[in-house]
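Please treat every number below as a calculation from the coordinates, not as lab data. The structure presented is a predicted model; accordingly, all values stated were derived computationally and were not measured. Neighbour counts run over all protein chains shown; Cβ positions are idealised from the backbone, glycine included.
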Amino acid sequence: MRVYPDQISQHLKNPQGCYLLFGDDPWLIENCKGQILAAAKKHGFDERVHLTQETGFSWNDLIQEWQSMSLFASRRIIELTLPQAKPGTEGSAALISMMQSPNPDIILLIHGPKLSAETKSKWFKTLDASGIYLPCTTPEGKQFQRWLDNRIHHYHLQVQMDAKAMLFNLFEGNLLAAEQALQLLQLLSPEQPIHSDHLTDYFEDQSRFTVFQLTDALLGNHQKHAQHMLVQLNGEGTAMPILMWALFKELNVLLSLKTAVEEGAQLNSLWQQHRIWDKRKPLYQAALTRLTLSQIEHMLAFASKMEMNLKQHGIEDWTAMSHLCLLFDPNAHRRLSHIELQT
């Protein structure tokens with residue numbers, strides 16, 4: 001049975017024999033897993049066994065765990081990680097066989113990356129019919145807004161509309177960072193109304209949020225400051241995927257705005273659509289004035305090649321990142337646009 005993550009609390013009164021957590025969002029997977037484990041513990045599932053489908057893994061080990069009695073006479077949770085979300089022929093047969101011989105003293109908790117064609121497979125349909133499937137895909141747009149509102153309510157925060165818009169713009173697509181930000185706000189302003197000005201003050205004091213200061217510097221074309229921050233971020237061990245995510249987000253917003261403006265739209269009608277608050281409007285206006293549509297498209301193409309090198313070959317190319325940042329200056333395009341990134 002398919003259940004969305006924000007509904008899982010409504011389905012934990014009676015433990016199911018199987019839970020399937022698949023998706024690309026680590027926060028959703030860990031949060032759902034935590035709720036399932038806490039609920040299971042109330043029903044006496046105190047023992048946990050961890051198995052991972054990796055080199056040397058035997059499906060017979062899983063079957064034996066399913067069929068064996070607990071050493072401590074307690075109910076157990078078997079947690080199985082499928083790194084590729086594909087159990088293969090042997091694994092599929094093993095999982096189907098287990099569901100055909102249910103064990104009321106064991107919960108099978110399986111998690112892995114986002115599923116595609118596997119949802120049509122016999123093993124998945126069998127497990128889905130025996131338990132709950134939670135698609136843990138990062139929410140976007142209105143779904144992310146609903147998630148954000150729920151987490152704000154969870155922490156009892158008084159976040160005003162301008163601050164909500166800022167949080168949405170900063171963290172859409174990154175639930176883990178959003179959760180960390182809300183935890184910080186709970187510590188700093190547990191009972192006071194929170195406005196966007198407060199968020200700016202808080203986040204500028206937190207080194208983990210300097211990636212957003214970098215994007216502001218780039219939009220404003222403060223190249224010397226941006227290059228200095230980039231060196232600092234590298235020295236602090238900032239993960240390249242975080243920087244790539246932030247730059248992709250800004251470039252896609254610029255592309256959307258620039259395209260709309262060239263088609264005759266007015267910027268004032270676009271700010272709310274893209275959740276751009278007042279303090280950032282001048283930054284976007286400056287970037288849109290100096291960069292052409294073809295330049296923005298070139299930057300996105302360059303960033304895509306960087307991402308491909310990072311994902312496929314594990315290459316964290318800080319020189320290329322510096323090059324990409326320089327391209328926020330149109331003068332750099334005249335000097336550097338001929339440089340291609342090899343993939």
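A few notes on this one:
- Bridge type composition, the chain - antiparallel percent by DSSP, nearest 5: 0 percent
- Normalised per residue, the volume of the convex hull around the Cα set of the chain (Å³): 172 Å³
- Restricting segment 294-334 to GluC sites (Glu not before Pro) that sit in a DSSP loop and have at most 16 other Cβ atoms within 10 Å of their own Cβ leaves GLU316.
- Cross-link pairs beyond the 24 Å C-alpha cut-off, checked among LYS13/LYS142; LYS258/LYS281; LYS249/LYS311; LYS114/LYS142; LYS224/LYS279: LYS13/LYS142
- Counted by Cβ distance under 15 Å from VAL3, the other residues give a net charge of +1, where Lys and Arg count +1 and Asp and Glu count -1.
- Excluding exposed DSSP-loop trypsin sites (Lys or Arg not before Pro) (at most 14 other C-beta within 10 Å), longest clean stretch of the chain: 115-343
- Three-way shape label, segment 1-74, alpha-carbon gyration tensor, a/c 1.5: oblate
- For LYS122, the lysines whose Cα falls under 16 Å of its own Cα, not counting residues fewer than eight places away in the same chain, are LYS86.
- Sparsely packed loop sites in segment 63-140 (the GluC sites (Glu not before Pro) outside DSSP H, G, I, E and B with at most 16 other Cβ atoms within 10 Å) comprise GLU140.
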